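Let me begin by presenting the structure, written as structure tokens, before commenting on it.
The values are calculated or read from the model by the stated rules, or taken from the named source; none is laboratory data. Every value quoted in this text rests on a predicted model; they were computed, and no experiment measured them. Because the Cβ atoms are built from the backbone with ideal geometry, glycine has one as well, and the counts that use them run over all protein chains shown. Heads up: the accessible areas ignore ligands, DNA and RNA and are worked out on the full protein's heavy atoms, side chains in. Shrake-Rupley method; radii C 1.70, N 1.55, O 1.52, S 1.80 Å.
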Amino acid sequence: MTESAGAVYPQGIKLGVDVGTVRVGVALCDRDEILATPHKTLDRNVKKNSDVRVIASLAGELGAVQVFVGLPRTMKGEEHASARMATDYAGLLVAEFVARGMDVPVNLVDERLSSVTAHRNLHEAGMSSRNHRKVVDQVAAAGILQHAIDMQKARGTDVGSRVTAPPRPSGAGSAVQPEHAAPEGTTRSQNTEGYSEPVQ
């Protein structure tokens, strides 16, 4: 952990995750949080969640201190089905970490245009469109992670919305909700960069 201007946030290797219905992109940054790089693309396994376990294992092997999951919003800042999917996925990651006894915070961060930017970067790098599918998810994950670590350094505080696993009442489901989830019918407050307000 590191302190900056009175704020505390994790410092070290971090993972970025771009969640899709078919594939999940994973990126990582160096211990000094300078550069986020694409790492791998996983097939999304909704039934067995084997991809969730792969990410948890990777976090454990690398000694990752935090995971950022991209939260898709519309350009108006609204959240639809894809945002709920990302939120649910972040919850699955938290549950997996808890089950393994790992204390790795998972934060949802705004990812508007990350996939668009990833496609553009791959095109500019000379990769044909037909080959984008193989790597675009991990490139998008790298974009999500890079923006998050840059914002942490710029602000000296954590960014995004922390996802927690609340105590599960008897007979209740296992849904995991963001710590700062807004009441039904409202939207989370956002700062000017599009992130939810930093976790206090």
*Looking at (1) at pLDDT 95 or above; (2) more than 14 Å from VAL65 (Cα to Cα), can you tell me which one GLY16 breaks?*
(2)
*Any chance you could count how many residues in the range 142-157 are in contact with a strand residue (DSSP E or B) (Cβ under 7 Å, 6 or more places away or on another chain) and either of a type in the set (A, V, I, L, M, F, W, C) or farther than 12 Å from GLU33 by Cα (or both)?*
7
*strands (runs of 3 or more DSSP E) (entirely within the range 12-108) containing at least 1 residues that are of a type in the set (Ser, Thr, Tyr)*: 36-43
_Please go through (1) open to solvent by less than 10 Å² (accessible area, probe 1.4 Å); (2) out of contact with any Pro (no Cβ under 6 Å at 6 or more places or on another chain); (3) over 13 Å from ALA141 (Cβ atoms) for ALA83 and return the number of the only condition it doesn't satisfy._
(2)
*Out of the range 92-125, which residues are out of contact with any helix residue (DSSP H, G or I) (no Cβ under 8 Å at 6 or more places or on another chain) and either open to solvent by 80 Å² or more (accessible area, probe 1.4 Å) or at pLDDT 95 or above (or both)?*
VAL94, ALA95, VAL98, ALA99, GLY101, PRO105, LEU113, VAL116, ARG120, GLU124, ALA125
*Taking the range 38-73, which residues are among the polar types (S, T, N, Q) and in contact with a strand residue (DSSP E or B) (Cβ under 6 Å, 6 or more places away or on another chain)?*
THR41, GLN66
